[in-house]
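Undergrad: For reference, the structure I am asking about is given below.
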Amino acid sequence: MSQASGSGTPMSDRKHVLSADNVSKKFDTAEGPVVAVDNISFDVRPGEFLSVIGPSGCGKSTLFNIIGGLTPDHDGTVTVGNEVVRGPHPSIGMVFQEESTFPWRTVIDNVCFPLEIAHVPKAERLDKARHFINLVGLNGFENRHPSELSGGMRQRVAIARTLVSQPKILLMDEPFAALDEQTRLLLGDKVLQIQQELKQTTLLITHNITEAVQLSDRILVMTYRPGKLKRMVDIDLPRPRTSDVVSSPAFGAYVARIWGDLREEASRGMQDSERAR
Amino acid sequence: MASADGMKGRARAAGAGIGVMQVRIVLLVSLLAAWEIMARSGLLYRDVVPPLETIGWALVVLLSSQAFYWNLGVTIAEVLAALAIGGSVGFMTGVLLGGSRFFGRALEPYIYYLGPTPKIIFFPIMIMWFGVGPGSKIAMGAVSCFFPIALSAAASMRQIDTVLIRVGRSFRANGWQMAMKIYLPAMRPSVMNGIRLGLGIAIIGTLLAETKLSNRGIGYLIMQAYSIFDMPRMYALLITLFAFAIGANAIVGRFGGHTTGK
């Protein structure tokens, strides 16, 4: 379970940092069993930004929880380096969709949290926390409480808090879902810049096509119920990128193509939810 | 923008604060005036409604006697012991009931039904078990404050935002770290509210017991003054009791309840 076994080979020598092999998850509901994730396999390469996109209800969040080690009871395996994920893994840092900052802690204390858990000495803790607070652009807000910040700022606190633990893979579940479109584009820029700086391997779960194309190197499109892998799309947009990429013809073509894949799935999802009403 | 809003809010609150304060003062002054008119009019027995001046002198005499402070000390010690015992047992019970759906469903009805029962009916039993002295008073106070504290701890345990627990787990916090760094701070505001409620009820339970059967404490002094029909002294004691309750509440209020929420 320790990090020791991962220290043998340098990261760049390995073909992938994380792989999911035949991952499936079934839920028992009142209307019978529902297959949320059906036999999904994929690899995440070092330094890449991979997005998983799918309509609401396709099992994206289930996949997020399985990879994060918070849903132990599933079929198939998730491996990080050479280790099978059986619970929360130190190499995987999670950022949640919901409001997840601790309201009773200041920004800097929020960011220090994972380091406290790992018993990092206080001076080092504060140094590291300040570094990542700067990185997400929240310098000057160290001593504020989350209630004094905007939703976008709170989500950046959550991202800094996860980055401070220096995970090999940053795993995010629709971190910007609650934000408005403009804030989302600007935060996308921030994420691109951070990823550029840290060469951070990132796995993003999202339902937002623009966001996925803006940020990703590859996009995994999922089907609606059961959640299967529909297509893997390579995004060959130049890096370093900013939100300006949104206006390029290539961007539009990718969006159109992914929407082409998603349209059928999304409309099946919509029919389902209308029938349930 | 946010700070400007905050300033406006604060200014409005301060403005409202003056208005609220004025209403309070007007009410207090008119109550005192009504009292004084009643006392001077002779409509009621003078001894039952003594003039404010007489009560004032009785208060001065009371506050300069050593026996008063000794008895006040006894009552405070009883209330604190009651709160410590009833509060810690109540908190642990609440955590158990809130943390386990099974225990919550199985046992919480008892607490709901016993909660509103006047605890004074247990006083004879408490006297038999713990004697006429402070023991039975502490027991009464503890039994009284157990209920609100247990219920508020159970509720706060259930209200914890589950995403915060998932955050803790994702960073691989152990059980102790989860308790100290997530559960306790998340529960603090509503548990503090429960303790404030419990303190009030512990004071009621303890004093009620003191006035029934005792040989020391403020409740005892009040009954003593009443039995010799020393009304000014009795009112003076009641005033000190108000001051004690207000002070106790303020102290608990300082220790939390108003943490910055979301």
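The values are calculated or read from the model by the stated rules, or taken from the named source; none is laboratory data. These numbers come from a predicted model, not from an experiment. Counting neighbours? That spans all protein chains shown, and the Cβs are built from the backbone with ideal geometry, glycine included. Remember, those area values only see protein heavy atoms, side chains included, never the ligands or the DNA or RNA. Shrake-Rupley method; radii C 1.70, N 1.55, O 1.52, S 1.80 Å.
Undergrad: Pop out the ³J(HN,Hα) list for the stretch A:50-65 in order, Karplus 6.51 cos²θ - 1.76 cosθ + 1.60 with θ = phi - 60°, rounded to Hz; leave Gly and Pro as x.
TA: 10, 10, 10, 10, x, x, 4, x, 8, x, 4, 5, 5, 4, 4, 5
Undergrad: OK, next. Which FRET efficiency value, to the nearest 0.05, is calculated for B:R101 and A:R268 with the Förster distance at 35 angstrom and r the Cβ-Cβ distance? Spell out each step's value before the answer.
TA: Details: r = 35 Å, r/R0 = 1.01.
My answer for the efficiency is 0.50.
Undergrad: Also, I was wondering about something else. Taking loop as defined by DSSP and a crowding limit of 16 other beta carbons within 10 Å, which trypsin sites (Lys or Arg not before Pro) in the stretch A:169-249 fit?
TA: Loop-located and lightly packed - A:K199.
Undergrad: Can you give the three extents of the C-alpha atoms in chain A along their principal axes, from longest to shortest, in whole Å?
TA: 54, 43, 42
Undergrad: How much accessible area per residue does chain B have, in Å², with a 1.4 Å probe? Intermediate values should be presented prior to the final figure.
TA: Working: 15080 Å² over 262 residues.
That works out to 58 Å² per residue.
Undergrad: With a cut-off of 8 Å between alpha carbons and a minimum separation of six or more residues, what is the relative contact order of the stretch B:80-233 in percent?
TA: Relative CO of the stretch B:80-233 lands at 31 percent.
Undergrad: Another question, if that's okay. Classify the stretch A:39-104 as rounded, prolate or oblate, taking a ≥ b ≥ c as the square roots of the eigenvalues of its Cα gyration tensor: rounded when a/c is under 1.5, otherwise prolate if a/b is larger than b/c and oblate if not.
TA: Taking the square roots of the gyration eigenvalues as a ≥ b ≥ c, the stretch A:39-104 is rounded.
Undergrad: Also: When only C-alpha pairs under 8 Å and at least 6 residues apart count, what is the relative contact order of chain A, in percent? Walk me through the numbers before you get to the answer.
TA: Details: 518 pairs, mean separation 66.9, N = 277.
So the answer I get is 24 percent.
Undergrad: Nearest 500 deg cm²/dmol is fine: what mean residue ellipticity at 222 nm does chain B get from its DSSP H runs of n ≥ 4 alone, each adding -39,500 (n - 2.57), divided by its residue count?
TA: Details: 11 runs with 210 residues, N = 262.
It lands at -27500 deg cm²/dmol.
Undergrad: Okay, next question. What ³J(HN,Hα) values, in whole Hz, does the Karplus curve 6.51 cos²θ - 1.76 cosθ + 1.60 give for the stretch A:106-113 when θ = phi - 60°, with x put for Gly and Pro?
TA: Going residue by residue, I get 6, 3, 5, 5, 4, 5, 6, 3 Hz, with x marking Gly and Pro.
Undergrad: Collect residues whose amide H, placed 1.01 Å from N in the peptide plane, falls under 5 Å from the amide H of A:I205; neighbours closer than 5 in sequence don't count.
TA: A:V52, A:M172, A:D173, A:E174
Undergrad: What aspartates and glutamates does A:K25 reach when the alpha-carbon gap must be under 14 Å and sequence neighbours fewer than 8 apart in one chain are set aside?
TA: A:D38, A:D73, A:D75
Undergrad: Here is a follow-up. Just grab the label-to-label distance for B:Y110 and B:T162, each label 7 Å out from Cα along the Cβ direction, in nm (one decimal).
TA: 2.9 nm
Undergrad: Dipole of the stretch B:54-255, Cα-centred, from +1 at each Lys and Arg C-beta and -1 at each Asp and Glu C-beta, to the nearest 20 debye?
TA: 760 debye
Undergrad: Give the shape of the protein assembly as shown as rounded, prolate or oblate, defined through the alpha-carbon gyration tensor: a ≥ b ≥ c are the square roots of its eigenvalues, a/c under 1.5 means rounded, and otherwise the shape is prolate if a/b is larger than b/c and oblate if not.
TA: prolate
Undergrad: Follow-up question, since we're still on this one. Carbon-plus-sulfur fraction of the accessible area of the protein assembly as shown, 1.4 Å probe, in percent?
TA: Its accessible area is 62 percent carbon and sulfur atoms.
Undergrad: Here's a follow-up. At a probe of 1.4 Å, how much accessible area disappears from chains B and A on forming the pair, both sides counted, to the nearest 100 Å²?
TA: 2200 Å²
Undergrad: Would you pull out the residues with amide H under 5 Å of A:F49's amide H, same chain only if 5 or more places away, H placed 1.01 Å from N?
TA: Residues meeting the amide H criterion: A:T202, A:D217, A:R218.
Undergrad: Counting alpha carbon pairs within less than 8 Å and at least 6 residues apart, what relative contact order, in whole percent, applies to chain B? List each step's numbers first, then the result.
TA: Values: 284 pairs, mean separation 62.7, N = 262.
For chain B, the relative contact order is 24 percent.
Undergrad: Tell me, what are the semi-axes, in whole angstrom and largest first, of the equivalent ellipsoid of chain B as set by the roots of 5 times the Cα gyration tensor eigenvalues?
TA: Largest first, chain B gives 40, 28, 15 Å.
Undergrad: What number results when the radius of gyration of the stretch B:144-262, computed over Cα atoms, is divided by 2.2 N^0.38 Å?
TA: For the stretch B:144-262, the normalised Cα radius of gyration comes out at 1.50.
Undergrad: If you stretched the chain out fully between A:R275 and A:S248, how much longer would it get, using 0.36 nm times the residue separation minus the C-alpha to C-alpha distance?
TA: Roughly 5.8 nm would be gained on extension.
Undergrad: Right, another one. Build a GNM of chain A with springs between Cα atoms under 10 Å: which of A:V246, A:V120, A:V157 gets the top mean-square fluctuation?
TA: A:V120
Undergrad: Testing the spin-label approximation: label points 7 Å from Cα along Cα→Cβ at A:N39 and B:N249. State their distance in nm.
TA: It is 6.7 nm.
Undergrad: Any idea how far apart B:L43 and A:K26 come out in nm if each label point goes 7 Å out from Cα toward Cβ?
TA: That separation, rounded to one decimal, is 8.2 nm.
Undergrad: What is the distance in Å between the Cα centroid of the stretch B:232-254 and that of the stretch A:44-60?
TA: The distance from the Cα centre of the stretch B:232-254 to that of the stretch A:44-60 comes to 62 Å.
Undergrad: For a paramagnetic label modelled at 7 Å from the Cα of A:Q196 toward its Cβ, which residues of the stretch A:221-258 fall within the zone defined by backbone nitrogen distances under 11 Å?
TA: A:239-244
Undergrad: Something else about it: What are the aspartates and glutamates whose alpha-carbon lies under 18 Å from the alpha-carbon of A:K199, with same-chain residues fewer than 8 places away excluded?
TA: Leaving aside aspartates and glutamates fewer than 8 places away in the same chain, those within reach of A:K199 are A:D13, A:D43, A:E48, A:D189, A:D217, A:D236.
Undergrad: What dipole magnitude, in Debye to the nearest 20, does the protein assembly as shown give about its Cα centre under +1 on Lys/Arg Cβ and -1 on Asp/Glu Cβ?
TA: Charge dipole of the protein assembly as shown: 580 debye, to the nearest 20.
Undergrad: Suppose we keep just the alpha-carbon trace of the stretch B:50-182; what are its Rg and Dmax in angstrom?
TA: 21.3, 68
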